[in-house]
1. Relative to the present Cα-Cα distance, how much length would full extension add between residue A:151 and residue A:338 at 0.36 nm per residue of separation?
2. Quick check on chain B: take the gyration tensor over C-alpha atoms, sort the square-rooted eigenvalues as a ≥ b ≥ c, and tell me if it's rounded (a/c under 1.5), prolate or oblate.
3. Using only C-alpha positions, report the orientation-averaged shadow area of the convex hull of segment B:8-60, nm², one decimal.
4. Which lysines, on any chain, are close to residue A:147 with Cα under 17 Å apart, when same-chain ones fewer than 8 places away are left out?
5. Would you grab the residues whose amide H sits under 5 Å from the one on residue A:230? Only those 5+ places off in sequence or on another chain, please, with H modelled 1.01 Å from N.
6. Residue-wise, which Karplus ³J(HN,Hα) couplings in Hz belong to segment A:261-268, taking 6.51 cos²θ - 1.76 cosθ + 1.60, θ = phi - 60°, and x for glycine or proline?
7. Modelling each spin label as a point 7 Å along the Cα-to-Cβ direction, I'd like the residue B:101/residue A:350 distance in nm, to one decimal.
8. What number comes out for the charge environment of residue A:368, summing +1 per Lys or Arg and -1 per Asp or Glu over other residues with Cβ under 10 Å away?
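Any read-out appearing in this document is the output of simple, stated calculations on the displayed coordinates, not a laboratory observation. What you are looking at is a predicted structure, and each value in this text was computed from that prediction instead of being measured. Please note: Cβ atoms are built from the backbone with ideal geometry, for glycine as well, and neighbour counts cover all protein chains shown.
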Amino acid sequence: MTNPPPTDWTATSPPVDDAAIAVNLTGITKRFGDVTAVNDIDLQIADGEFFAMLGPSGCGKTTTLRMIAGLEFPTEGSLQIFGVEVGTQPPNKRPVNTVFQNYALFPHLTVRDNVSFGLRMQGTNKREAARRADELIELVQLSGMEKRKPAQLSGGQQQRVALARALVNEPQVLLLDEPLGALDLKLRQEMQTELKSLQRDLGVSFVFVTHDQEEALTMSDRIAVMHEGNLLQVGRAEDLYERPESRFVADFIGQTNLIDATVADADMIVLTNGTKVKAPNPHPAGTSVAMSLRPESIEIGRPGTVPTEYEPTSLPGVVKSVTYLGHALVYDVGVDWIDLEVRTENVPAEQRFTVGDDVAIWWDRHADWVVPNE
Amino acid sequence: MTALSRRAPAEDGIATPEFEAAHERQKRWRGFLMALPAYAYLLLFFAVPLGIVVVYSFGTRTRFGTTELSGWNLESYEKLGRDLVQQVLFRSIWLALLTTVICLVIAYPFAYYMATRSARVRNLMLVFVMIPFWTNFLVRNYAWYVILGTDGPFSRVAEFLGFGPTRLLFTQSAVVMGLVYGFLPFMILPLYAAIERIDGRLLEASRDLGATGYQSFRRVLLPLSMPGVIAGSILVFIPSLGAYVTPDILGGAKTTLLGSYIVTQFLSARDFPFGAALSTVLMALMLAATIVYFRRGGRTL
């Protein structure tokens, strides 16, 4: 057995002990003909971690999950599960199970037979398999439904059957492919909480694929953001939200204003219109960058009311539109060459700005964040 | 009822119960009219002749080879107990079963392969399955006659390989080969339709849960494709049981099957009542086979 290669954590990932690595992808690439679905990915998932793979459709997240499951084989690279190389092993030889998108329950089998399927295939006798299946059916709160067929269940119930079926073999890693995608909003939120507490109770890693950033942010210990087959960043929710490493991640996670700029020095950037703005950054002078400013980090006030300490991070503008959200107000402020979104708490009507008002906007210099444009 | 009363009761645009009832009646009547030509055709050329056959089966053959219909009796049905008749009957059922099983074994992997190809390849393969239908059935059977004959390519290859001169023609094997060839498409098509409908992710789920390839076939693919297996088996078994052309050309005198035997009764023996009784029994057998299969499948095809 080969030693796992040295762990290569991105700057924002919390360090993990080598022995606790459940899934280890090194230089994994998957090509379908001329199309590269997954491009040279290095990724370590810790034992007992709730890990999300997030990205728009076609970003390679599902392909990556399917490679871990054994439903696709990597074109290049090494794939280890608890230190064992499994890259070319068929799915039935791997200690992982999958909750499929739209569940893929066996329509000809009852709930109990669906759940006990995995055990029966391993040669467990019928009575023992049924007993263990019933335990899991109880765990997912479907007792009394053992003899129903999948078609007689609601979407949420089918989801639970899929979960119980995948857990019956006691996988070392549970893979979930958009498991909540087919549920309506309320049920989805309930299931999020349940999945999270189930994962805590079982203590096994859940690797969860989703295109829904809110789902990823609320449920996961760590998140990997993928785009066009590349792994852009791995980190905790706040790492991704507050310290994105690329323009794509800044734009994809939450709402933000991206303002094109050039690096002047380690402490200063120059916006497109020549305005110098204080913004600490690690990039060499001259680098084309974007400054990410969350709408809620921008303050808005009448011209001339900018506090002195915020002068280096302020801009004059004109209100172009106002959106009333009840708990909040969203202003579209035209700043010379671009429009910025500004979000404030709701204030009494007489204090609100209206379209055409001249305003000043400013932000804390720790609130902005500079990302390279490419 | 006048035309007016049928349409009128919708006052102020409101559909009264009378109006709805009339509307329903009208719809049913229109449906019946559309089905009428087919009904009439089937009644005239299927139901009526079928009735005549059943009636004849209770008649008596006169010494001159004509049929006496007065004085109904079961004599023809009693003849079914004769050894020769029993032999023909069981041989027919056996060969039809054998044909069905061989077709199933050959067609299933093919249908699975076809169902898992890209749409373009699939359509191409469907065309290939259909191509034999473009040639007359009789011609195709005579082609087999040539292939399997003493001087045919089959025999030559066997001789070359050292098996000595082999003549398959006029054996039961020849009949089964011909029947399998003739009815294979009827097995492939329903199997293909059934397998193609199955969600491929179910097989992935099965493998993911630890099933081997064979277990996935046995526990997921086969049960889910059962409607196709049943439909295909009926479509092969029934025509094989009553087959006439293929056994007659490839089977020769020694392997008389039900179809040829019935023809003999009508044309050579001129025993119309016995021929009719055999036909009635054959139909009953087919009906029974169909019902048994439907019951076991427990679903619509």
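1. Value of the extension gain: 62.0 nm.
2. oblate
3. It is 5.4 nm².
4. Within the straight-line cut-off, residue A:147 pairs with A:126.
5. Excluding prolines and chain starts, which carry no amide H, the hits are A:39.
6. Per residue, the Karplus-derived 3J(HN,Hα) values read 7, 10, 6, 8, 8, 4, 10, 9 Hz.
7. Distance between label points: 9.7 nm.
8. Computed value for this residue: +2.
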